[in-house]
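Visitor: First the structure, then my questions, so here it is.
Values quoted throughout were computed directly from the atomic coordinates according to the rules given, and no laboratory measurement underlies them. Every value quoted in this text rests on a predicted model; they were computed, and no experiment measured them. Heads up, the Cβs are rebuilt from the backbone with ideal geometry, glycines too, and the neighbour counts pull from every protein chain shown.
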């Protein structure tokens, strides 16, 4: 019986040693995570004015800009329905900005904002086919799309596609990293609760 007791004791000691090693590893990882968080917090504290402005406006600024851009495009679509369309965009006449300013239906700043947003949209870039008609404010043809312009539009679309793929890839990477940290935290909590019961 004595040997059986020694064998059980050594298995228990081995399990205790393994638990102790796992706890040490978890504590090391936890301290690494905490030191990273402290570095981030130190950086935030080192420039509070910059961070206060950035924290508040960084999240809302793109949404406000997007809404303002969409509203400006809507103004142009309302004022010139035969020229501007989300469903069926067509290449615009070169120099249409000057025509819009001269027509004076929409303010200059809104024209600039709207055109910048409109001509960068994927739908608009897809409309650039070689020899496609460009249209003026009257909705009539006013020039043709050249081969170089069509190629430029295709390269912009390709760059947009690549940037979108890269964003999706980064988001997936961040999600995996967050999931891994959550699993580690969960395991650490489980180990700590097991150790607390002893």
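Visitor: If you take the Cα Rg of the range 58-173 and divide it by 2.2 N^0.38 Å, with N the number of residues, what do you get?
Guide: 1.17
Visitor: How far apart, in nanometres, would the label points at residue 169 and residue 105 be if each is projected 7 angstrom from Cα along the Cα-to-Cβ direction?
Guide: Once both label points are built, they end up 4.4 nm from each other.
Visitor: Pull out the extension gain between residue 157 and residue 11, defined as 0.36 nm times the separation in residues minus the alpha carbon to alpha carbon distance; nm, one decimal.
Guide: Roughly 46.2 nm would be gained on extension.
Visitor: Can you tell me the FRET efficiency between residue 130 and residue 18 if r is taken as the Cβ-Cβ distance and R0 is 41 Å, rounded to the nearest 0.05?
Guide: So, using R0 = 41 Å, E works out to roughly 0.05.
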